[in-house]
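Chemist: The structure follows.
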Amino acid sequence: MTVKSRCDFCIECRKQTEYMLQKKKIVKTVRDKEYTFEITVAVCSECGEEMSIPGLLDVNVQEVDAQYRAAEGLISIADIKKLMEIYKIGKAPLSLALGFGEVTIPRYLEGQIPSKEYSDIMKSALSSPSYMKQRLSENKGKLTDAAYKKAIAAVDSIDRLFSVSNQMLRVIAYIFKSLEEVTPLMLQKLLYFIQGIYSALYGEPLFVEECRAWIHGPVYPEVYELFKDFKYNPIDDVRFALFEGMETGLTAQEKRVVDLVVNTFGMYGGKTLEKITHNETPWIEARNGYEEGIPSNELLSKEQIMNYYISVSQKYDISTEKGLRLYIHDMLDIS
Ligand SMILES: [Zn+2]
């Protein structure tokens, strides 16, 4: 695989030449076991010989380290950093909280490879807030009160992420993977469109959460609770580290609907999307009897949402981006 093209001195050609970065497989024995690693090499474009490029060795040391850990099922340094980030805890306190010596995690961060046992403890802490909570309370006495309280608060906030269904988390993870910036308002609308279009196309909802009609449109309250701290700002949440990769649990059909919505509705900001839902029957009907600006919490049932998008599908081809763009255009044109 060719990555980049740059120049350096080629010993064979005895001059500056252009080189290409390529991937190369090497076989290495670590602790009596053979491994195949993929490293990056620079190849002279003129003579085809490998060239020695400053910095490349460091890159390869890191690549081999990451591949060795992956092959052995050991936690990566990046994941140890994630652990500190999501639980808002420093390296020494984290060490103590997990029942390790104070310098253990600092050493791992410098590149020392953990034992399988310690690696598994760190992996459990990364995937399960309740496991982390248990460890924290077991080792509470070793931490300062401030560090303990801060970490416990972080654990509780992560626990709340799991108050929504796995399917909802998968959809959210996929939206965040597909779009650069998503505000809470925008996320709510995208989830609503995804649910509506999916159920109209396939006759069943994509996720179990119930939708409510609030002042600013349809809202999934459990999801609102998760991200309300971001207010009108793009959601930038360290807790996402926990469900990175979760979107792989979606079927191709489910992903296709998220793609459809992200590539069409996802091009607009929250306020524009709000304008669309304010022109749609489910929200208008649910708000019947409420003056403007008066809070409401009426249920927008899955059936109402589905039936509305079935009616939309009779006029627009909601299974294509083109059809959805036309729908959006018409909805924004009404008021
Ligand atoms: Zn050369």
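Chemist: Just to be sure I follow the rule: in the stretch 82-170, considering lysines 8 or more places apart or on different chains, how many pairs have Cα atoms under 18 Å apart?
Modeler: Within the stretch 82-170, the lysine pair count is 23.
Chemist: Using only DSSP helix segments of four residues or longer, with each worth -39500 (n - 2.57), what per-residue ellipticity at 222 nm results for the chain after dividing by its residue count and rounding to 500?
Modeler: -15500 deg cm²/dmol
Chemist: In the stretch 5-72, what is the volume of the convex hull around the alpha carbon atoms, normalised per residue and reported in Å³?
Modeler: For the stretch 5-72, the hull spanned by Cα atoms encloses 88 Å³ per residue.
Chemist: Where the Cα atoms of the chain are projected onto their three principal axes, how long is each span, largest first, in whole Å?
Modeler: 77, 62, 31
Chemist: For helix 145-161, what angle does its Cα long axis make with the longest principal axis of the chain, in degrees from 0 to 90 and rounded to 10?
Modeler: Compared with the principal axis, the helix lies near 60 degrees.
Chemist: In terms of the Cα gyration tensor, with a ≥ b ≥ c the square roots of its eigenvalues, is the stretch 187-292 rounded because a/c is under 1.5, prolate because a/b exceeds b/c, or oblate?
Modeler: oblate
Chemist: When the accessible area of the stretch 1-116 is split by element with a 1.4 Å probe, what percent falls to carbon and sulfur?
Modeler: Ligands and nucleic acids excluded, carbon and sulfur reach 51 percent.
Chemist: Accessible area per residue, 1.4 Å probe, Å², for the stretch 233-306: what's the number?
Modeler: Heavy-atom accessible area per residue stands at 50 Å².
Chemist: How about the stretch 193-242: which chymotrypsin sites (Phe, Trp or Tyr not before Pro) there lie in a loop by DSSP and see at most 12 other Cβ atoms within 10 Å?
Modeler: Here the chymotrypsin sites (Phe, Trp or Tyr not before Pro) that fit, given the DSSP loop and packing criteria, are Tyr232.
Chemist: Moving on to the next point. Can you tell which of Ile175, Ile53, Ile235 shows the greatest fluctuation in a Gaussian network model of the chain with Cα springs below 10 Å?
Modeler: Ile53
Chemist: If you don't mind, there's one more thing I want to ask. Give a quick list of GluC sites (Glu not before Pro) in the stretch 77-118 that DSSP marks as loop, anything other than H, G, I, E or B, with at most 13 other Cβ atoms within 10 Å.
Modeler: Here the GluC sites (Glu not before Pro) that fit, given the DSSP loop and packing criteria, are Glu102, Glu110.
Chemist: Could you tell me how many degrees, from 0 to 90 and to the nearest 10, lie between the Cα long axis of helix 252-264 and the main elongation axis, the longest principal axis, of the Cα atoms of the chain?
Modeler: With rounding to tens, the tilt is 70 degrees.
Chemist: With a sphere of radius 10 Å drawn around the Cβ of Cys10, what net charge do the other residues whose Cβ falls strictly inside it have (Lys, Arg +1; Asp, Glu -1)?
Modeler: With Lys, Arg at +1 and Asp, Glu at -1, the net is -4.
Chemist: Let me ask something else. Give me P(r) over the stretch 259-335, computed from all C-alpha to C-alpha distances, binned every 10 Å, as integer percentages.
Modeler: Each 10 Å bin holds this share of Cα pairs: 17, 48, 30, 5.
Chemist: In the chain, which longest range has no trypsin sites (Lys or Arg not before Pro) that are both DSSP loop (not H, G, I, E or B) and surrounded by at most 13 other Cβ atoms within 10 Å?
Modeler: The segment 32-230 is the longest one with no such site.
Chemist: Using the Cα centre of the chain as the reference point, and only Cβ charges (+1 on K/R, -1 on D/E), how large is the resulting charge dipole? Debye, rounded to the nearest 20.
Modeler: Its charge dipole is roughly 720 debye.
Chemist: Continuing with the same structure: For the stretch 5-72, with every protein chain kept in place, what is the accessible area per residue (1.4 Å probe, Å²)?
Modeler: Normalised by residue count, the accessible surface of the stretch 5-72 is 67 Å².
Chemist: Right, next: Probe of 1.4 angstrom, ligands and nucleic acids ignored: what's the accessible area per residue over the stretch 77-161, in square angstrom?
Modeler: Accessible area per residue, the stretch 77-161: 49 Å².
Chemist: Which of the GluC sites (Glu not before Pro) across the stretch 132-224 are loop residues per DSSP, with 10 or fewer other Cβ within 10 Å?
Modeler: Hits after loop and neighbour filter: Glu180.
Chemist: First check a/c for the stretch 77-123, with a ≥ b ≥ c the square roots of the eigenvalues of its C-alpha gyration tensor; if it is under 1.5, answer rounded, and if not, answer prolate when a/b is larger than b/c or oblate otherwise.
Modeler: It is rounded, given that a/c, with a ≥ b ≥ c, falls under 1.5.
Chemist: Dividing the alpha-carbon radius of gyration of the stretch 1-135 by 2.2 N^0.38 Å (N being the number of residues), what value is obtained?
Modeler: Against the compact-globule rule of thumb, the ratio is 1.39.
Chemist: Taking 0.36 nm per intervening residue step and subtracting the Cα-Cα distance, what contour gain separates Met267 from Ser163 on full extension?
Modeler: Gain in length upon complete extension: 34.6 nm.
The values are calculated or read from the model by the stated rules, or taken from the named source; none is laboratory data. A quick note: this is a predicted structure, and the numbers were derived from the prediction, not measured. Note: ideal-geometry Cβ built from the backbone for every residue, glycine included; neighbour counts use all protein chains shown. Only protein heavy atoms, including side chains, enter the accessible area calculation; ligands, DNA and RNA are left aside. Shrake-Rupley method; radii C 1.70, N 1.55, O 1.52, S 1.80 Å.
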